[in-house]
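The values are calculated or read from the model by the stated rules, or taken from the named source; none is laboratory data. Keep in mind it's a predicted model, so treat the numbers as computed, not measured. Don't worry about glycine lacking a Cβ; one is built from the backbone with ideal geometry, like all the others, and counts go over all protein chains shown.
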Amino acid sequence: MTRAELVAAYAAPGRHYHNLAHVEDCLGLLARADDLSAAERAILTEAIWWHDVVYDPTRSDNEELSARLAEQCLAADIGGEVGRLIRLTRTHQVEPDDRLGAILISIDLSILGSEPSRYDAYAAAIREEFAHVSDQAYRAGRADVLRRFAARPAIFPDAAFAEIYERRARDNLARELASLQEGHE
């Protein structure tokens, strides 16, 4: 799969958030990450490009399918690590000593700590991706996801990202949770 084919996959209909703009945002954050070797940066770049290449909101195995596709298409010397990193995006849980995992997950979750108007646009785009789900079911499912993130001691496993985004992410999550509750009452 070429870069042009990857771009086309991210431009597929129905992608309101998990699209090329998300990849570009993630790549921009990676460019500002410090203390990475050229090899680490290359691995993270590929993980960003491939992490949502398969995205169907009616499925629960998108990350696994994206990881397998990356492993098939990338050179063997980095494909396995890229696949491992992509699989982390299913739960966004990272082992304490997994530096590359912490960076990738923090980059992927950075939208949670964005300015409120940008966060609201993200939340609306996620809702559009799940248009096939009833409002009641969406509110319950989304609230569950947000509560799980909010219950973590740290949302962002990378300390540099936590310092920048953690407080605003918690505020955004609380605000969206309140909104989901208001609409449910």
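Considering only the range 140-156, I want to know if a residue exists there that is at pLDDT 95 or above and closer than 16 Å to residue 17 by Cα. For the range 140-156, residues at pLDDT 95 or above and closer than 16 Å to residue 17 by Cα: present.
Taking the residues in the range 1-39 that are under 20 Å from residue 128 (Cα atoms) and hydrophobic (A, V, I, L, M, F, W, C) as candidates, determine which candidate is surrounded by the fewest Cβ atoms within 10 Å (Cβ to Cβ). Here the residue is 11.
I'd like the full set of residues that are out of contact with any helix residue (DSSP H, G or I) (no Cβ under 9 Å at 6 or more places or on another chain) and either outside any loop (DSSP other than H, G, I, E, B) or on the phi > 0 side of the Ramachandran plot (or both), limited to the range 51-71.
Taking the range 51-71 first, the residues out of contact with any helix residue (DSSP H, G or I) (no Cβ under 9 Å at 6 or more places or on another chain) are 58, 60-62, 65.
Listed by number, the residues that qualify are 62, 65.
In the range 72-80, is there at least one residue being under 28 Å from residue 150 (Cβ atoms) and at pLDDT 95 or above?
So in the range 72-80, the residues under 28 Å from residue 150 (Cβ atoms) come out as none.
The answer is no, given that none of the residues of the range 72-80 is under 28 Å from residue 150 (Cβ atoms) and at pLDDT 95 or above.
Residues of the range 15-65 being of a type in the set (Asp, Glu) and within 23 Å of residue 75 (Cβ to Cβ), which ones? Selection gives 40, 46, 52, 63, 64.
Just to be sure before I move on: is residue 94 more than 29 Å from residue 153 (Cα to Cα), modelled with pLDDT of 95 or more and not polar (S, T, N, Q) in the structure I sent? No; evaluated as a whole, the condition is false for this residue. The set of residues in the range 124-170 being more than 17 Å from the chain's Cα centre (by Cα), within 25 Å of residue 95 (Cα to Cα) and of a type in the set (Asp, Glu) consists of 163 alone.
I'd like to verify a number: residues in the range 23-50 that are part of a helix (DSSP H, G or I) and either in contact (Cβ under 8 Å) with a residue 40 or more places away in the chain or among the aliphatic types (A, V, I, L, M) (or both), how many? Talk me through it step by step, then tell me what you get.
Residues of the range 23-50 that are part of a helix (DSSP H, G or I), as a first pass: 23-31, 38-50.
This time we only want the ones that are either in contact (Cβ under 8 Å) with a residue 40 or more places away in the chain or among the aliphatic types (A, V, I, L, M) (or both), so: 23, 25-27, 29-31, 38-40, 42-44, 47-50.
Residues flagged as part of a helix (DSSP H, G or I) and either in contact (Cβ under 8 Å) with a residue 40 or more places away in the chain or among the aliphatic types (A, V, I, L, M) (or both) within the range 23-50 amount to 17.
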